[in-house]
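Taking it in order: structure first as structure tokens, then the write-up.
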Amino acid sequence: MILVRATQKLLNTQRLKPQTVNLSAITLPILGTWYANTVTSSFKGKSLVIYVHEPSLVTVVTVGKTIKKTFPSFTTSLEKLLKRFSFPTVFINEQMAYFKENAITKTDSRKMLGYMNSITDSLIGRMYTYQNFEEIDLEEEENILMNLLHGSTPNNYFRPIHYWENYLKGEDPFKQSLDSENELIQLIPDVNKLSRSEDLHMENQLMKLQLENILGGQIMNGGNDGIPAEIENLFLKNIIEFEKQVTTSTKVTVNDLLKNPKFKAPDSLNEKQLKSELKKINLLLNKKFIQLDFLDNYSDLVKYKFITEELINQETQTI
């Protein structure tokens with residue numbers, strides 16, 4: 001049997017009451033304790049459930065919202081992950097035999113919840129680089145998370161892959177130094193498939209060419225080769241989208257953009273009323289992504305007159 005410690009959010013999703021487990025009466029296997037949480041993706045109505053092993057932080061990513069629906073795919077995906085990283089066959093068979101039964105209870109470690117938050121942040125950050133939910137490569141995401149660095153001080157940093165490398169050598173799993181030439185586990189690459197990072201790199205290069213065609217110039221690296229491919233991908237997509245909107249945008253007055261608000265006559269307002277009206281106007285401008293700054297310390301009356309008599313008639317692009 002294995003133990004799944006689910007977050008309250010995940011328990012509430014399927015209205016599941018946590019079981020009471022007497023840990024002193026059972027013996028859990030090495031891969032016996034998992035923390036589970038639901039992750040809302042960047043795609044509307046689509047969710048993931050992640051299973052994180054305690055203490056190695058090996059993470060399995062499944063599609064769904066509940067443990068009931070995702071547990072079978074979790075079991076299958078875990079076995080595939082162990083095989084991808086060349087875990088010994090005897091170890092895999094021995095551990096997977098325990099997954100026929102499970103007990104679901106609540107979390108009991110703030111430290112593990114902190115690790116899960118880091119894993120979730122890492123996962124969500126890459127979600128925005130996918131065009132649609134079906135494109136998400138769960139295996140590639142698990143591969144990336146196997147190499148995610150965890151820890152809070154220089155003496156306790158570790159990666160899940162190194163945890164298991166040390167464990168299989170019979171050493172302290174959290175040992176810092178590793179002999180890379182004698183590693184027991186390693187990712188077995190699929191020669192017929194590009195990795196997520198390789199795919200992003202190719203997509204980024206194509207977008208740079210597209211931007212050069214739009215802007216009529218050459219894009220220089222500027223010494224930014226160290227930028228993660230995911231961040232560069234998001235940046236380039238935003239620039240291309242902005243340029244597309246510029247070419248199709250129309251010009252309107254600020255007044256039309258704000259839908260012709262009615263302003264009170266400045267002479268009818270006292271000092272307190274002026275401050276209140278200025279606050280309302282700035283909220284209107286901010287909703288349309290207009291930020292107004294003054295280069296000098298003008299009075300509220302001067303600011304109010306400028307906005308309601310001059311700025312309101314200026315033209316802007318509808319981007």
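Some notes on this structure:
- Criterion applied to Leu209, Leu234 was being in a helix (DSSP H, G or I) and in contact (Cβ under 8 Å) with a residue 40 or more places away in the chain, and the one residue passing it is Leu234.
- Cβ-Cβ under 7 Å pairs, at least 6 apart or on other chains, segment 181-204 side under 25 Å from Trp164 (Cα atoms) and of a type in the set (S, T, N, Q), far side surrounded by 13 or more Cβ atoms within 10 Å (Cβ to Cβ) and at pLDDT 75 or above: Gln186/Phe85; Gln186/Ser86; Ser195/Glu140; Ser197/Ala229
- Filter result for Leu148 (part of a helix (DSSP H, G or I), of a type in the set (A, V, I, L, M), outside the structural domain of Asn233 (by TED's automatic domain parsing) and modelled with pLDDT under 95): no
- Inside segment 271-293, residues that are under 15 Å from Gln314 (Cα atoms) and assigned to a helix (DSSP H, G or I) make up a count of 1.
- Search result, residues across segment 61-97 that are charged (D, E, K, R) and within 22 Å of Asp121 (Cα to Cα): Lys65
- Those strands (runs of 3 or more DSSP E) of segment 1-66 in which at least 1 residues are surrounded by fewer than 16 Cβ atoms within 10 Å (Cβ to Cβ), considering only elements entirely within it, cover 33-40.
- One residue stands out among those in segment 256-267 that are surrounded by 10 or more Cβ atoms within 10 Å (Cβ to Cβ) and without any contact (Cβ under 8 Å) to a residue 24 or more places away in the chain: the one that is farthest from Lys288 (Cα to Cα), which is Lys264.
- Any hit, segment 224-232, residues being in contact with an Asp or Glu (Cβ under 6 Å, 6 or more places away or on another chain) and modelled with pLDDT under 90: no
Residue-by-condition table, conditions (1) aromatic (Phe, Trp, Tyr); (2) at pLDDT 95 or above:
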position: Met96; (1), (2): no, yes
position: Phe99; (1), (2): yes, yes
position: Ile104; (1), (2): no, yes
position: Arg126; (1), (2): no, no
position: Asp137; (1), (2): no, no
position: Glu142; (1), (2): no, yes
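- Sole exception among (1) surrounded by fewer than 16 Cβ atoms within 10 Å (Cβ to Cβ); (2) under 25 Å from Pro173 (Cβ atoms) for Lys100, by number: (2)
Table: residues versus (1) in contact (Cβ under 8 Å) with a residue 40 or more places away in the chain; (2) surrounded by 10 or more Cβ atoms within 10 Å (Cβ to Cβ); (3) farther than 30 Å from Ile214 by Cα; (4) not charged (D, E, K, R).
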site	(1), (2), (3), (4)
Ile240	no, yes, no, yes
Glu243	no, yes, no, no
Val254	yes, yes, no, yes
Leu269	no, yes, yes, yes
Glu277	no, yes, yes, no
Ile290	no, yes, no, yes
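The values are calculated or read from the model by the stated rules, or taken from the named source; none is laboratory data. If you're wondering where the values come from, they're calculated on a predicted model, not measured in any experiment. Cβ: placed from backbone, ideal geometry, glycine included. Neighbour counts: every protein chain shown.
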